[in-house]
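Undergrad: Structure below; questions to follow.
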Amino acid sequence: MTTAHAFPYEASGDLPLEIRPRDAAARDLAALCQWLKDHREEVQRWLVRHGALRFRGFAILTPEDFERLARAIDPELKNEYLGTSPRDAVTGYVFNASELPDFYPIPQHCEMSFCANPPRRVFFCCLVEPARGSGETPLCDFRKVWRDLDPAVRQRFEEGGLRIIRNYSGPGQGDDRDPLRLKRWPEMFGTTDPAAVEAKCAEQGFEPTWLPDGGLRLVSTQPVHRDHPQTGERVWHNHVTTFHLGTAAAEYARIAQLRPTERYTGLLAMARSLEAKLREKPALEQSMHVTRLDGGEIPEADLEHLRDVIWHHTVIDAWQKGDVVAIDNHSVSHGRMPYEGPRRVVVCWA
Ligand SMILES: [Fe+2]
């Protein structure tokens, strides 16, 4: 890589492109932020080409340091979150990445792909490093997923369409000790005013139904793909593998293969029996599920093929304390591997 000015850093790798200080003097965060601001167009080009950048070895110790670096790449951070993970705010714009229990695998997804305008950038920062071989934030280039899907499967997904179902409990409902509980709808929308919720739903294209027990059902649709706004490349860009009720078992099956421990074979058995039980309930009553637009189930073989293609392109790198990863959310997805023990990863987006 060449620039008009001396490049005080080292860069290597593909997904992500890793940027490191050349020497101890170049670890300074203020200097890095200034360099990123001065070379914003070039940095944007790297981000789009590689899909993600990782900054390693810089003096990043706090959520505030992280926010500063993220703003140097994209000054327009947002703080409205319409996802499903329980997620706590740390600064005005930095959140704990997910409060979902440590054993739960978060499958690959482009952040808020089911919203009308998903974020263009997502940033993660590791403040407490998880134990080796766990707790990574894997990345996957969804341009390659679109390209490598069997054309017949792609066509069935496009013709069938996607219908996302989410059921949120109401104020005071649901058991806080239930590790897999979704947020309650007032937490999700930041208000207890049903009219405000309905306005937000209309803005995002979610169809709300108030349930007799105080809960809220959201049904929405989304396209199977989006075209990259800068390059025009077609990208697999939807939440089917995240929201589908078969997801947990499908992920554990692959994780248990990669990391054959008793923990994961046990979790796989548990997820399979839970899924069998859940399948007795109609699709509309599942806490999260995805069907075709006509309400029919998506063929299991198609989902399995899709998951195989995603896993084939997934890159799993260990976190190091102080790492920051900047992701082009238009092209690259992220997820989370299960872990045990301490881990702290924070997130912000633009
Ligand atoms: Fe996410």
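Undergrad: Efficiency by 1/(1 + (r/R0)^6): what FRET value for Arg147 and Glu42, r their Cβ-Cβ distance, R0 = 22 Å, to the nearest 0.05? Please list the in-between numbers first.
TA: On the way: r = 26 Å, r/R0 = 1.19.
The calculated FRET efficiency here is 0.25.
Undergrad: What length, rounded to one decimal in nm, is gained on full extension from Arg272 through to Glu10, with 0.36 nm per residue of separation minus their alpha-carbon distance? Intermediate results must be reported in sequence, preceding the final value.
TA: On the way: separation 262, 0.36 × 262 = 94.32 nm, distance 4.55 nm.
Extending this stretch completely gives an extra 89.8 nm.
Undergrad: Still on this structure: For Arg68 paired with Arg156, estimate the spin-label separation in nm (one decimal), with each label point 7 Å from Cα along the Cα-to-Cβ line.
TA: For Arg68 paired with Arg156, the spin-label model returns 5.3 nm.
Undergrad: Using 0.36 nm per residue, how much length does the chain from Ile316 to Asp227 gain when fully extended, once their Cα-Cα distance is taken away?
TA: Details: separation 89, 0.36 × 89 = 32.04 nm, distance 2.54 nm.
So the extension gain works out to 29.5 nm.
Undergrad: Given labels modelled 7 Å from the Cα in the Cβ direction, how far is it in nm from Asp294 to Gln173?
TA: Simple spin-label model gives 3.1 nm for this pair.
Undergrad: Which value, in Å² and to the nearest 10, is the accessible area of Ile316 when all protein chains are kept and the probe is 1.4 Å?
TA: Approximately 50 Å² of Ile316 is accessible to the 1.4 Å probe.
Undergrad: Further question on the same structure: In Å², and per residue, what accessible area does the chain have when probed at 1.4 Å with the other protein chains present? Don't skip to the end; give the middle numbers.
TA: Numbers: 15190 Å² over 350 residues.
Ligands and nucleic acids excluded, the figure is 43 Å² per residue.
Undergrad: What does a probe at Val128 reach in segment 100-114, counting residues whose amide N is under 16 Å from the point 7 Å along Cα→Cβ?
TA: 100-103
Undergrad: Could you list the trypsin sites (Lys or Arg not before Pro) in segment 107-215 that lie in coil according to DSSP, counting only those with at most 11 other Cβ atoms within 10 Å of their Cβ? Mind dumping the intermediate values first?
TA: Numbers: sites: Arg120, Arg121, Arg132, Arg143, Lys144, Arg147, Arg154, Arg156, Arg163, Arg166, Arg177, Arg181, Lys183, Arg184, Lys200; in loops: Arg120, Arg132, Arg177, Arg181, Lys183, Arg184.
Of the trypsin sites (Lys or Arg not before Pro), the ones in loops of segment 107-215 whose Cβ has at most 11 other Cβ atoms within 10 Å are Arg132, Arg177.
Undergrad: Applying 1/(1 + (r/R0)^6) with R0 = 25 Å to the Cβ-Cβ distance of Asp28 and Arg49, what FRET efficiency is obtained, to the nearest 0.05?
TA: Details: r = 26 Å, r/R0 = 1.05.
Between Asp28 and Arg49 the formula returns 0.40.
Undergrad: Pairing the Cα long axis of helix 63-73 with the longest principal axis of the chain, what angle in degrees results, from 0 to 90 and rounded to the nearest 10?
TA: Tilt of helix 63-73: around 80 degrees.
Undergrad: Could you tally up the Lys pairs in the chain with alpha carbons closer than 23 Å? Skip any pair fewer than 8 positions apart unless they're on separate chains.
TA: Details: Lys37/Lys78; Lys78/Lys183; Lys78/Lys200; Lys183/Lys200; Lys183/Lys277; Lys183/Lys281.
Within the chain, the lysine pair count is 6.
Undergrad: At a 1.4 Å probe radius, which order do Met270, Met337, Met288 fall into by accessible area, largest first? Can you show the working numbers first?
TA: On the way: Met270 115, Met337 5, Met288 45 Å².
So the residues, ranked largest to smallest area, are Met270, Met288, Met337.
Undergrad: In nm, what is the difference between 0.36 nm times the number of residues separating Glu99 and Glu285 and their Cα-Cα distance? Walk me through the numbers before you get to the answer.
TA: Details: separation 186, 0.36 × 186 = 66.96 nm, distance 2.37 nm.
Stretched out fully, the Glu99 to Glu285 stretch lengthens by 64.6 nm.
Undergrad: If you count only protein heavy atoms and use a 1.4 Å probe, how large is the accessible surface of Cys110, to the nearest 10 Å²?
TA: For Cys110, the solvent-accessible surface is approximately 0 Å².
Undergrad: Using a 1.4 Å probe over the heavy atoms of the protein chains, calculate the carbon and sulfur portion of the accessible area of the chain as a whole percent. Could the numbers behind the result be given before it?
TA: Working: 7710 of 15190 Å².
Carbon with sulfur: 51 percent of the solvent-accessible area.
Undergrad: What residue among Glu280, Glu340, Glu99 shows peak mean-square fluctuation when the chain is described by a Gaussian network model with Cα springs under 10 Å?
TA: Taking springs between Cα atoms under 10 Å, the residue moving most is Glu280.
Undergrad: I would also like to ask the following. Hey, in the GNM for the chain with a 10 angstrom Cα cutoff, which one of Val290, Val332, Val153 fluctuates hardest?
TA: It is Val153.
The values are calculated or read from the model by the stated rules, or taken from the named source; none is laboratory data. Model, not experiment: these values are computed from the prediction. As a convention, Cβ positions derive from the backbone with ideal geometry for all residues, glycine included, and neighbour counts pool all protein chains shown. Keep in mind that these areas ignore ligands, DNA and RNA; they rest on the heavy atoms of the full protein, side chains included. Shrake-Rupley method; radii C 1.70, N 1.55, O 1.52, S 1.80 Å.
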